[in-house]
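Okay, so here's the structure we're looking at.
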Amino acid sequence: MKVQIIYDKNQIKKELNFIKENVPHFKKNKMFFYFPFESILDNSIIDEQIKNDEKKFKIREIEKKLLDEWTKKEKTVFNLLEKYNKKNKCLDIKKRYHCFLTFYGCYGYYDYPDKIFINVNVEIDFILETIIHELIHLFVYKKANSMEYSEIENLVDSIFIKSGLKNIFTKYENQIIN
């Protein structure tokens, strides 16, 4: 598998400050996000919240179901993207990616060159779409680095659609940028 799906409490904790810093961006762009912390407090409060959210979101069930569904679709996803790339030569596709599951933040975000973070607070099909969306961000990172936020999102949406992924993930919607 090219994408390793990982649930790791320590990785979640590492990302909390990043998410907190981005809450104003989420609000400004009217993005979905979940961040139940008023501030980043001591580890006991964080650990308790993560424990509660593991139960609330049934993380082990989601992890298993997501892994099963991703395994069914991964080859097709990468085949379509590689076919698109042969024609357009704009994607930098690496051999391996890490997909960290979280409860916090927006639907998804990435950390170049090979990490994506996916919020499990939605249905599995939407999580799959978000994985692909964030992967495309990584694939175009160097090309899009100097673009405005809205231009980057439009580029990612365009690749999702033009690569044929929209034919498989028919509910995919373009990003709404405010």
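The values are calculated or read from the model by the stated rules, or taken from the named source; none is laboratory data. What you see is a predicted model; the values in this text were computed from it and never measured. In this analysis, Cβ positions are derived from the backbone assuming ideal geometry, glycine residues included, and neighbour counts consider all displayed protein chains.
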*What number of residues in segment 71-97 are of a type outside the set (V, I, T) and either surrounded by 12 or more Cβ atoms within 10 Å (Cβ to Cβ) or touching an Asp or Glu at 6+ places or on another chain (Cβ under 8 Å) (or both)?*
16
_Matching residues in segment 14-53 - criterion: being surrounded by 15 or more Cβ atoms within 10 Å (Cβ to Cβ) and outside any loop (DSSP other than H, G, I, E, B)_ = E15, L16, I19, K20, N22, V23, F26, Y34, I46, Q49, I50, D53
*Working carefully through the options I161, I131, find the one that is surrounded by 13 or more Cβ atoms within 10 Å (Cβ to Cβ), farther than 23 Å from K95 by Cβ and β-branched (V, I, T).*
I161
*Report yes if some residue within segment 148-163 is modelled with pLDDT under 95, not in a helix (DSSP H, G or I) and not β-branched (V, I, T); otherwise report no.*
yes
*State whether one or more residues within segment 58-75 are assigned to a strand (DSSP E or B), farther than 24 Å from S163 by Cα, in contact (Cβ under 8 Å) with a residue 12 or more places away in the chain and not basic (K, R).*
no
_Can you list residue pairs whose Cβ atoms sit under 8 Å apart, with the first residue in segment 2-31 being closer than 27 Å to E74 by Cβ and the second being of a type in the set (S, T, N, Q) and modelled with pLDDT of 95 or more? Count only pairs 6 or more apart in sequence or on different chains._
Q11/T102; I12/T102; E15/T102
_In segment 80-92, the residues that are assigned to a loop (DSSP other than H, G, I, E, B) and within 20 Å of Q4 (Cβ to Cβ)_ = L91, D92
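Matching residues to (1) under 17 Å from I6 (Cα atoms); (2) within 15 Å of the chain's Cα centre (by Cα); (3) of a type in the set (A, V, I, L, M, F, W, C):
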{"site": "F78", "(1), (2), (3)": "no, no, yes"}
{"site": "P113", "(1), (2), (3)": "yes, yes, no"}
{"site": "I116", "(1), (2), (3)": "yes, yes, yes"}
{"site": "T130", "(1), (2), (3)": "yes, yes, no"}
{"site": "L135", "(1), (2), (3)": "yes, yes, yes"}
*Evaluate segment 54-71: report whether one residue or more is out of contact with any strand residue (DSSP E or B) (no Cβ under 9 Å at 6 or more places or on another chain), of a type in the set (A, V, I, L, M) and on the phi < 0 side of the Ramachandran plot.*
no
_One residue is enough: does segment 32-49 have a residue meeting the conditions among the aliphatic types (A, V, I, L, M) and under 30 Å from S163 (Cβ atoms)?_
no
*Residue, nearest to L135 (Cα to Cα), within segment 156-175, restricted to residues that are of a type in the set (A, V, I, L, M) and touching a residue at least 24 places away in the same chain (Cβ under 8 Å)*: I159
*Quick check: anything in segment 45-60 among the aliphatic types (A, V, I, L, M), within 18 Å of the chain's Cα centre (by Cα) and over 23 Å from K14 (Cβ atoms)?*
no
